[in-house]
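First comes the structure, then the notes that go with it.
Values in this text are rule-based calculations from the coordinates and carry no lab data. Because the structure is predicted, anything quoted here is derived from the model rather than measured. Cβ coordinates were reconstructed from backbone atoms using ideal geometry, including for glycine residues, and neighbour counts include every protein chain displayed.
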Amino acid sequence: MGDALNLFSLAFYVVCVFGICGLMLGLSWLLGGREWGRAKNEPFESGVVSVGSARMRLSAKFYMVAMFFVIFDVEALFLYAWAVSVKEAGWAGYIEAVVFIAVLAISLVYLWRIGALEWAPESRKRLKQAGTK
């Protein structure tokens with residue numbers, strides 16, 4: 001009896017989710033605007049008509065720094081989980097956290113030393129150095 005009730009509850013939940021999704025899609029199709037004005041295909045952002053193209057080329061270093069940020073941010077979540085359970089983890093958990101932080105610090109120093117965190121291209125850095133001399 002309990003398994004049948006659980007299965008019925010799951011089926012009811014799935015039907016409700018699909019029903020709500022279908023209702024939202026159907027209402028937007030039914031109530032949505034159908035008129036095509038000359039400004040219908042224009043990009044519009046916060047009341048300001050955009051100028052130029054939205055396609056901007058970014059350096060690969062931008063993506064590298066973004067990936068490093070996400071990676072170190074996820075590690076911060078691991079440290080938060082450790083901090084919540086510090087009493088249960090005991091000394092073994094403390095030692096593991098210290099090793100974890102040491103590995104993070106070493107990897108950050110390594111990334112800094114190889115120049116992976118540098119934003120400016122080499123040509124701009126050379127111009128800046130030539131201008132200060």
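A few points about this structure:
- Trypsin sites (Lys or Arg not before Pro) within the range 53-120, DSSP loop, no more than 14 other Cβ atoms inside 10 Å: ARG55, ARG57
- Each of ALA11 and TYR80 was given a label point 7 Å from its Cα along the Cα-to-Cβ line. The distance between the two points is 4.0 nm.
- Residue list for the range 75-93, given a label point 7 angstrom along the Cα-to-Cβ vector of ILE106 and an amide N cut-off under 20 Å: 75-76, 78-79, 92-93
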